[in-house]
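Scroll down for the structure; my scribbles are underneath it.
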Amino acid sequence: MTSSLRTQTPLLIIFFDLDGYKASCEERGDLEAADMIDDYYDRVANAVSAAGGRVVKFIGDGALIVFAERAMDSGVAMVLDLAPRIDDFMRRRGFRCRLRAKLHFGHVIAGEFGSTGVARFDVMGREVNEAALMRTEGIAVSPAALSKLSATTRKRVAEYAKSA
């Protein structure tokens with residue numbers, strides 16, 4: 001696959017994972033965890049799609065999600081709205097998990113990656129790594145992402161931070 005099939009693109013990069021997932025899976029067992037994670041994937045994918053974003057991939061309890069720069073406010077709003085719903089879903093299923101989200105803005109290399117016949121859309125680059133390495137116990141929005149948001153969305157982020 002050649003780099004001509006990829007572009008440098010400014011995106012909101014979001015990483016999700018479930019805090020407490022490993023311990024909950026050990027308590028509940030693999031089959032129950034697999035059923036739960038399938039429902040979790042549906043909830044995340046539907047919310048992301050409805051907000052105008054794209055799930056790049058799921059792996060275990062993790063997800064890599066992107067939104068175009070013009071849809072950043074929608075992407076951040078989606079995370080703020082989805083987090084309590086996922087936390088409630090986990091609680092109702094008997095899993096002691098909380099959604100953890102890391103949001104960052106930057107230029108990534110986006111496009112098809114992989115061998116012929118199994119290539120798929122992905123994003124790569126320093127900004128993706130920056131997002132992945134952010135630390136949080138809840139929802140973290142990088143200064144780069146905050147600077148691109150509307151005043152209304154920045155206010156929602158600040159309100160979430162105060163209540164968390």
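The values are calculated or read from the model by the stated rules, or taken from the named source; none is laboratory data. Predicted model only: the values in this text are computed from it and were never measured. So basically every Cβ, Gly included, is an ideal-geometry build from the backbone, and we count neighbours across all protein chains shown.
Of the residues making up region 1-52, those that are of a type in the set (A, V, I, L, M) and within 27 Å of GLY125 (Cα to Cα) number 13. Taking each residue of region 94-111 that is among the aromatic types (Phe, Trp, Tyr) and looking for partners that are in a strand (DSSP E or B) and buried (at least 22 other Cβ atoms within 10 Å of the Cβ) with beta-carbon atoms closer than 7 Å, six or more apart or interchain, yields PHE105/LEU12. Output the residues belonging to region 21-44 that are within 12 Å of ILE86 (Cα to Cα) and without any contact (Cβ under 8 Å) to a residue 12 or more places away in the chain. Residue satisfying the conditions is ASP42 alone. Look at (1) within 25 Å of LYS155 (Cα to Cα); (2) assigned to a strand (DSSP E or B); (3) not polar (S, T, N, Q) and you find that VAL56 fails only one, number (1). For region 76-112, give me each residue that is assigned to a strand (DSSP E or B) and aromatic (Phe, Trp, Tyr). Passing the criteria: only PHE105. With respect to the conditions (1) in contact with a helix residue (DSSP H, G or I) (Cβ under 9 Å, 6 or more places away or on another chain); (2) outside any loop (DSSP other than H, G, I, E, B); (3) of a type in the set (A, V, I, L, M), LEU149 lacks only one, and its number is (2). Do we have SER24 as under 19 Å from GLY106 (Cβ atoms), polar (S, T, N, Q), out of contact with any His (no Cβ under 6 Å at 6 or more places or on another chain) and not in a strand (DSSP E or B) here? No, not satisfied. Name the single residue, out of those in region 147-164 being hydrophobic (A, V, I, L, M, F, W, C) and loosely packed, with under 15 Cβ neighbours inside 10 Å, that is nearest to MET72 (Cα to Cα). Of everything passing the filter in region 147-164, ALA151 is nearest to MET72 (Cα to Cα).
Restricting region 100-146 to residues that are within 16 Å of ALA161 (Cβ to Cβ) and exposed (fewer than 13 other Cβ atoms within 10 Å of the Cβ) leaves a set whose member that is modelled with the lowest pLDDT is GLU137.
The condition of being closer than 25 Å to VAL128 by Cα, touching a Gly at 6+ places or on another chain (Cβ under 9 Å), of a type in the set (Gly, Ala, Ser) and modelled with pLDDT of 95 or more does not hold for ALA77. Checking each residue in region 53-65 for being surrounded by 14 or more Cβ atoms within 10 Å (Cβ to Cβ) and either within 16 Å of ARG120 (Cβ to Cβ) or of a type in the set (Gly, Ala, Ser) (or both) picks out GLY53, ARG54, VAL55, VAL56, PHE58, GLY62, ALA63, LEU64, ILE65.
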